[in-house]
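Have a look at the structure below before the remarks.
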């Protein structure tokens with residue numbers, strides 16, 4: 001009989017039934033599938049296991065003077081989870097803000113007939129047309145076992161915020177979001193206001209401490225739990 005299998009990240013949570021596998025189903029956690037990321041400074045890539053947390057990816061890249069082009073507001077997401085679900089940051093410039101757009105290599109375990117042991121491993125690179133489908137599969141193609149991301153030289157973000165009236169905002173959205181690399185908008189409908197964020201990439205040598213003050217960071221409890229499993 002067929003068995004439903006779902007793969008979840010180390011800090012997985014959901015307010016929906018999307019992770020449910022039903023009676024007889026199997027949930028596989030990538031909590032312990034998260035060895036130290038491998039950075040190739042010359043190629044500007046980082047290869048990681050599926051359970052590696054985004055914050056760890058960013059930290060390992062930074063040790064080599066490199067940065068990941070985008071990120072979610074909450075850096076406690078797993079690499080495979082963020083890729084499979086289309087997790088994203090903000091902005092429409094270049095490839096956009098979706099994490100999966102920067103996948104250049106993927107190893108995935110897919111179902112196979114009994115003659116092949118019921119599973120087989122597929123390795124995809126940018127030369128393979130199937131990579132586009134595999135890097136945003138919503139988990140329907142198989143289980144990701146390794147990911148290679150493209151990196152960029154280290155940079156800082158220059159942030160400029162302004163509170164504006166929301167009159168005609170719907171006509172300004174696309175133009176504004178294409179106007180700076182990481183632009184974002186918080187729309188306070190009941191107040192008739194929008195907080196407009198012009199956020200651009202600048203050299204890492206530009207004056208400024210580069211403090212990460214983004215909201216939705218992992219809590220102390222989650223960080224402690226992670227440390228306890230090492």
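Each value in this text was obtained by applying a stated rule to the coordinates, not by laboratory testing. Given the structure is predicted, the values throughout are model-derived calculations rather than measurements. With ideal geometry, Cβ positions are generated from the backbone for all residues, glycine too; neighbour counts draw on all protein chains shown.
For residue 12 and residue 115, FRET efficiency with R0 = 45 Å and r from the beta-carbon atoms, rounded to 0.05?
0.85
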Work out how much length residue 187 to residue 170 would gain on full extension: take 0.36 nm times their residue separation and subtract the Cα-Cα distance, in nm to one decimal. 5.1 nm
Taking the radius of gyration and the Kirkwood hydrodynamic radius from Cα positions alone, what is the Rg/Rh ratio for the range 62-161, to two decimal places? 1.04
Neighbour-count order for 82, 115, fewest beta carbons within 10 angstrom listed first: 115, 82
Degrees separating the helix 54-63 axis from the principal Cα axis of the chain, which is the longest one: 70 degrees
At each listed q (0.34 Å⁻¹), what is the log10 of I(q)/I(0) that the Debye formula gives for the range 159-202 modelled as equal alpha-carbon point scatterers? -1.26
In units of 2.2 N^0.38 Å, what is the alpha-carbon radius of gyration of the range 1-125? 1.17
Taking the chain and counting helices only, DSSP H stretches of n ≥ 4 at -39,500 (n - 2.57) each over all residues, the nearest-500 ellipticity at 222 nm comes to -4500 deg cm²/dmol
Please arrange 63, 120 by how many other C-beta atoms lie within 10 Å of their C-beta, fewest to most. 63, 120
Translational diffusion coefficient of the chain at 20 °C, 1.002 mPa s, Stokes-Einstein with Kirkwood Rh over Cα pairs, in µm²/s as a whole number. 110 µm²/s
Among 189, 93, 7, which comes first, second and so on when ranked by fewest other beta-carbon atoms within 10 Å? 189, 93, 7
